[in-house]
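Novice: Please see the structure below; I have some questions.
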Amino acid sequence: MDLSPLELAVHRLRDAEAAADASRADVELEAVLAVRAGADIDAVSGLAGIAPHDLLRLEKLTGDIPPS
């Protein structure tokens with residue numbers, strides 16, 4: 001039995017999951033930076049889809065972020 005279509009689908013799924021993880025990390029980083037810059041927590045939370053409590057926790061747990 002030829003499993004190459006399944007292997008291709010699994011590969012695409014893994015690529016998509018990796019891209020989603022990277023995008024989620026980008027959103028979390030930008031949300032933390034926005035809060036640290038003085039943006040309204042509720043506004044950032046609503047836009048990023050991160051609960052305010054989780055956003056504040058992320059901000060506290062995130063160390064220094066070097067400028068890009």
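Read-outs throughout are calculated quantities, based only on the coordinates presented, and are distinct from any laboratory measurement. Note that this is a predicted model, so its numbers are computed, not measured. Here the Cβ is made from the backbone with ideal geometry for all residues, glycine too, and neighbour counts use every protein chain on show.
Novice: Calculate one ³J(HN,Hα) per residue across the stretch 27-37 by plugging θ = phi - 60° into the Karplus curve 6.51 cos²θ - 1.76 cosθ + 1.60, and present them in order as whole Hz with x for glycine and proline.
Specialist: For the stretch 27-37, the Karplus-derived couplings read 4, 4, 4, 5, 5, 4, 4, 5, 5, 5, 7 Hz, x marking Gly and Pro.
Novice: What is the sum of charges around A19, taking Lys and Arg as +1, Asp and Glu as -1, for the other residues whose C-beta is under 11 Å from the C-beta of A19?
Specialist: Taking every other residue near A19 into account, the sum is -1.
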